[in-house]
Structure formats: C-alpha cells, structure tokens
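Working notes, structure below.
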Amino acid sequence: MRKVAWITTIVFALSSFCLSSPPGGYPRPPRANAEAEEKLKEAYAAYVQGQYQKAIRLSLEVYEKYGDVEAKWFPSWVRRVVKGHLPDPYNKNEVLGRTIESGFLFTMAIRSTFPSYLLARCYNALGDDKETARWAAELRKWVYGDEIMLVFSLPYPSGYVKPSAPRNTWRPLPLKFREEDYFILVPLDQACKVLGLGCSIQPNPKMAGGKGIRVTKPNEPNVVYRLFLGRPLIERLEGGKGRTETLAYAPYEENGVVWVPFYWLAKQAGIRGWEVREGKIYVAPKQGTK
C-alpha cells in the first residue's frame with residue numbers, strides 16, 4: 001500500500017506540473033515580485049472566467065514593467081483544508097516533500113502563470129491570429145518544440161465564443177455570490193436551481209470532505225459530474241467510464257453551504273457571457289453549449 005501511495009503521489013505531482021496552466025517546461029521565467037504576482041493572479045482568474053480582454057490588459061501591464069515573470073501561489077481554499085504552515089510555492093522540492101509527508105496534494109493545488117502564456121491563450125481564444133503568433137513566439141522561450149501545440153490544444157475553461165447580444169439584453173440572476181482570489185463563487189444548490197442544472201449533495205464519508213457532490217445537465221441525461229470538496233478536480237462519469245478534468249478553484253463547504261466557481265456552472269448551463277455589476281451577476285442570452 002505504501003508503494004501504491006508513493007506512485008500515486010508522484011503521478012499526481014507530474015501530471016499537475018505538466019498539465020497545469022502553464023504547462024511544465026524548462027527554463028522557467030524569473031520569479032515575479034509581489035506586485036506582479038498579484039496582478040498575474042488577477043489576470044489568471046480573468047482568463048479562466050472568460051474575461052479575456054481584462055486578462056490581456058493585466059498581463060501586458062506586468063510584461064511591459066517586468067518582462068516575462070512567473071507567479072505561483074496557493075488559492076485561499078487551501079488554508080481551509082490545511083492547518084499550519086504552507087510550503088513555499090516557488091520551492092518545488094519543498095512542495096513535493098510536503099505532499100509526500102502530509103498526503104495533501106500541494107502539487108495539484110498550486111496555481112502558476114506568466115504573461116506570455118496568458119497573452120497567447122487569450123488572443124487565441126479571441127481569434128486574433130496576429131497577436132497569438134506574436135506571443136507564441138515569446139512563449140517558445142519557456143516551452144520546447146511540439147509542446148507549443150499542447151498549449152493551444154488545451155480546452156479553454158470558459159470556451160471560445162463571446163456573446164454578440166448587447167449588454168442591455170443581459171439579465172441579472174437571483175443569486176448571491178462572493179469573490180475570492182478574484183473568482184466569483186456561488187452556493188452550488190442555489191446556483192444549480194437558478195441555472196436549470198441538477199444537483200445532489202449527500203453525506204458520504206468515503207468522499208473528500210465527507211460529501212458526495214453531483215451535478216447533472218438536462219441535455220446530457222447519461223452524464224454525471226462529480227465534484228470533490230477541497231480538490232480542484234471534476235470527474236465526468238458516462239456509461240460506466242470516468243474522465244477527470246481540472247477545476248481552477250476547488251469547491252469548499254462553509255457553514256453548511258458548498259461554494260463553487262460560477263464560471264464552470266455557467267459553461268455547463270450554456271451561458272457564454274457574464275459579468276458582475278451593480279452587485280449582481282448578469283448573464284447574456286444562452287447560445288447553446290459547445
């Protein structure tokens with residue numbers, strides 16, 4: 001069993017390092033200072049949530065002032081799961097050591113990004129071939145050979161398509177929310193009801209956090225999405241088979257409420273544009289899922 005645990009830990013560590021955003025590759029960009037780190041953290045959240053223009057603006061501000069520098073951090077939800085000192089996210093050996101020692105997957109929880117990666121991805125999502133090529137050339141300093149193709153073949157968390165409907169046709173949702181690490185989080189059960197998704201939250205001591213959490217879509221009756229408290233993962237179950245996907249912000253429970261990132265639920269509900277204004281989440285008319 002000990003051998004299996006070690007192998008599992010190493011596999012998760014390598015997969016997290018190689019497939020996280022950005023993908024693993026050497027040499028790494030220089031370490032970001034505190035100002036650049038905070039801006040890249042905000043830019044990363046904007047990118048994930050489909051706010052590509054905002055992510056571009058913030059990434060360019062960092063690049064023009066500091067160049068291609070890399071930010072690494074642990075999201076706030078990690079402190080709800082792990083008590084005590086967290087490892088230095090920039091120290092790979094310390095992160096891996098603490099993962100093996102504690103059993104908590106610090107390697108998977110860590111977030112990281114740098115300007116050229118965000119800029120290449122955002123411009124590609126917007127369909128701007130010229131700027132995509134420009135930043136792909138910068139990205140080649142950190143990503144070798146054919147790995148550059150992997151960067152552009154990875155799925156976009158919030159999709160490619162931007163809504164064409166004017167803002168005055170967007171509608172507010174009767175849904176409370178909170179902002180954390182620049183992510184918009186919503187209560188899962190309430191959000192699923194508002195968005196027309198199925199949701200089940202049941203006690204299950206075998207699952208992470210002691211809860212079994214499932215989300216379903218009316219147009220995919222044979223598909224079940226399983227979420228895990230304190231784990232940035234989603235398991236897509238269909239026909240007896242499962243496929244694991246990553247989530248940019250792990251679900252967590254607080255005072256009996258399960259909070260999840262809105263961007264993922266919006267995508268499942270077929271919403272291609274949304275924003276927060278006037279203290280409410282406004283969404284564009286649905287354009288179908290992709």
Exercise. For residues that are buried (at least 17 other Cβ atoms within 10 Å of the Cβ) and hydroxyl-bearing (Ser, Thr, Tyr), tally how many sit in the range 74-87.
Key: 0
Quiz item: What do you reckon, is Asp181 within 23 Å of Lys72 (Cα to Cα) and not assigned by TED's automatic domain parsing to the domain that holds Arg277?
Solution: no
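Name the strands (runs of 3 or more DSSP E) wholly inside the range 173-288 in which the number of residues that are over 21 Å from Glu42 (Cα atoms) is 3 or more.
Output list reads 198-203, 211-217, 220-227, 233-238, 241-246.
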Quiz item: Taking interchain pairs and intrachain pairs at least six residues apart, which have beta carbon atoms under 7 angstrom, with the first residue in the range 53-76 and closer than 14 Å to Glu138 by Cα and the second polar (S, T, N, Q) and part of a helix (DSSP H, G or I)?
Solution: Asp68/Ser116
Practice problem: Go through the residues of the range 97-115 one by one and say whether even a single one is at pLDDT 95 or above, part of a helix (DSSP H, G or I) and crowded, with 20+ Cβ neighbours inside 10 Å. | Solution: yes
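Scan the range 135-163 residue by residue and report those that are assigned to a helix (DSSP H, G or I) and without any contact (Cβ under 8 Å) to a residue 12 or more places away in the chain.
Ala137, Met149, Ser153
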Exercise. Quickly run through the range 259-279 and pick out the residues that are surrounded by fewer than 22 Cβ atoms within 10 Å (Cβ to Cβ) and either outside the structural domain of Val186 (by TED's automatic domain parsing) or of a type in the set (A, V, I, L, M) (or both).
Key: Leu265, Ala269, Val276
Quiz item: Only one residue in Tyr123, Tyr156, Tyr182, Tyr90 is on the phi > 0 side of the Ramachandran plot, of a type in the set (Phe, Trp, Tyr) and surrounded by 14 or more Cβ atoms within 10 Å (Cβ to Cβ). Which one?
Solution: Tyr182
Practice problem: Have a look at Tyr63, Tyr26, Tyr90, Tyr44 and point out the one that is touching a helix residue (DSSP H, G or I) at 6+ places or on another chain (Cβ under 6 Å) and either modelled with pLDDT under 85 or not assigned by TED's automatic domain parsing to the domain that holds Ile184 (or both). | Solution: Tyr63
Quiz item: When the residues of the range 24-72 are filtered to those that are surrounded by fewer than 21 Cβ atoms within 10 Å (Cβ to Cβ) and among the aromatic types (Phe, Trp, Tyr), which remaining residue is farthest from the chain's Cα centre (by Cα)?
Solution: Tyr66
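The values are calculated or read from the model by the stated rules, or taken from the named source; none is laboratory data. Nothing here was measured: the structure is a model prediction, and the numbers come from that model. Note that each Cβ is placed from the backbone with ideal geometry, even for glycine, and that neighbours are counted across all protein chains shown.
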